[in-house]
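**Q** Below are the structure tokens for one structure; questions will follow.
No lab work stands behind these numbers, since they all come straight from the coordinates. Values in this document were obtained by computation on a predicted structure and should not be read as measured data. Every residue, glycine as well, gets a Cβ built from its backbone with ideal geometry; the counts of neighbours run over all protein chains shown.
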Amino acid sequence: MPTCQNCQQTWTWFQSVKNMFRLKCPYCGMKQYQSANSKKKTSILSIIPIAIIFLVNVFSSLTLGAGAILLIALLVAMFGFYPFLLQLSNEEEFYP
Ligand SMILES: [Zn+2]
């Protein structure tokens, strides 16, 4: 779970999901940024659903409806998993 680098409070899963886009600490109100290392992990995570859809499609040729349902299910799973990969930083970090 992410820890605020300003006040050292650990965010809960629910708080992380709620603050996913703004990344504002619910305890101290400081703007937080996603660390470069964490960005790397979440970018890998975002490739997984596309890879799964592609592989399933190769083996079973999905209909459009089944593909859409699968994609939504994978996106929901990704959102659920995201707080575990989220790490915070006080400043904007970029890929080295
Ligand atoms: Zn804080």
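**Q** With the requirement that a residue be surrounded by 15 or more Cβ atoms within 10 Å (Cβ to Cβ) and closer than 13 Å to Asn90 by Cα, what does region 10-35 give you?
**A** If the condition is that a residue be surrounded by 15 or more Cβ atoms within 10 Å (Cβ to Cβ) and closer than 13 Å to Asn90 by Cα, then Leu23, Cys25, Gln32, Tyr33, Gln34, Ser35 are the ones that fit.
**Q** If you go through region 1-36 one residue at a time, how many are farther than 15 Å from Gly80 by Cβ, more than 11 Å from the ligand (Cβ to nearest atom) and not aromatic (Phe, Trp, Tyr)?
**A** 4
**Q** Pairs please, first residue from region 1-30 and at negative phi, second anywhere and of a type in the set (Phe, Trp, Tyr) and near the ligand (Cβ under 6 Å from one of its atoms), Cβ atoms under 9 Å, 6+ apart in sequence or on different chains.
**A** That search, which allows pairs on different chains as well, returns Cys4/Tyr27; Asn6/Tyr27; Cys7/Tyr27; Gln9/Tyr27; Trp11/Tyr27; Gln15/Tyr27.
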